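First the structure, which I've put down as structure tokens, then a few questions once you've had a look.
Any read-out appearing in this document is the output of simple, stated calculations on the displayed coordinates, not a laboratory observation. Keep in mind it's a predicted model, so treat the numbers as computed, not measured. We place every Cβ from the backbone using ideal geometry, glycine too, and count neighbours over all the protein chains shown.
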Amino acid sequence: MPDASARSVEIERRSAGALFVVRPAPAHGLGVFATRDTPAGTRVAEYTGDRISHAEAARRYDDEDMEDVHTLLYTVDRRTVIDGATGDGVARYVNHSCEPNCDAFLEDGRIFLETIRPVTTGTELTYDYRLRRPQPMPRDWRRRYACCCGMPRCRGTMLIRPPRLRAPRRLMPSAQSARPAR
Ligand SMILES: [Zn+2]
């Protein structure tokens, strides 16, 4: 079993070998697209960036007028947030979908995106952001984090009501949010 850093190197090597490509996406800015048929259970990228506290995240992004801030910040746990805007990780370009082909998994304090169903060449990789809905919810969040993924079962928002998610063995991140639960 390779250690975490060895796995990270392996992921970078595979991405250099063009498992996917970042290019403009029809729905939203840039997206990540498979460059080959990829089976379910393939680890495609690590969500990287500065590992900061929730307080630091709030300091960095204290302007609530900034669009999409919460889609870049990934909550690892009560202490740590990954700021995807920093560094050169490609995982931050993976867009949200309500019926995604990838999911995010927490392992040793790190976040990895993996395919959860077979993905054919040219398909955009997506995962469900599951942004945690603060209580009370800021008035503009419904508009700001509206979803237009276009899937048949689109719930119309990237937000979820916490708490929700549990998975055996592998822990899923419960949500992404810049703010500590409140
Ligand atoms: Zn949707």
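With bins 5 Å wide starting at 0, give me the P(r) of the range 42-143 over every alpha carbon pair, in whole percents.
2, 12, 21, 24, 19, 13, 6, 2, 0
With labels modelled as points extended 7 Å from the Cα through the Cβ direction, what inter-label distance (nm, one decimal) is found for Asp88 paired with Arg155?
Using points 7 Å along Cα→Cβ, the separation is 3.6 nm.
What ranking, highest mean first, results for peptides 94-103, 46-55 when packing means the other Cβ atoms within 10 Å averaged over each residue?
Answer by packing, highest mean first, reads 94-103, 46-55.
While we're on this one: Could you rank the peptides 74-86, 105-117 by their average count of other C-beta atoms within 10 Å per residue, with the highest value first?
Ranking, from highest mean packing down: 74-86, 105-117.
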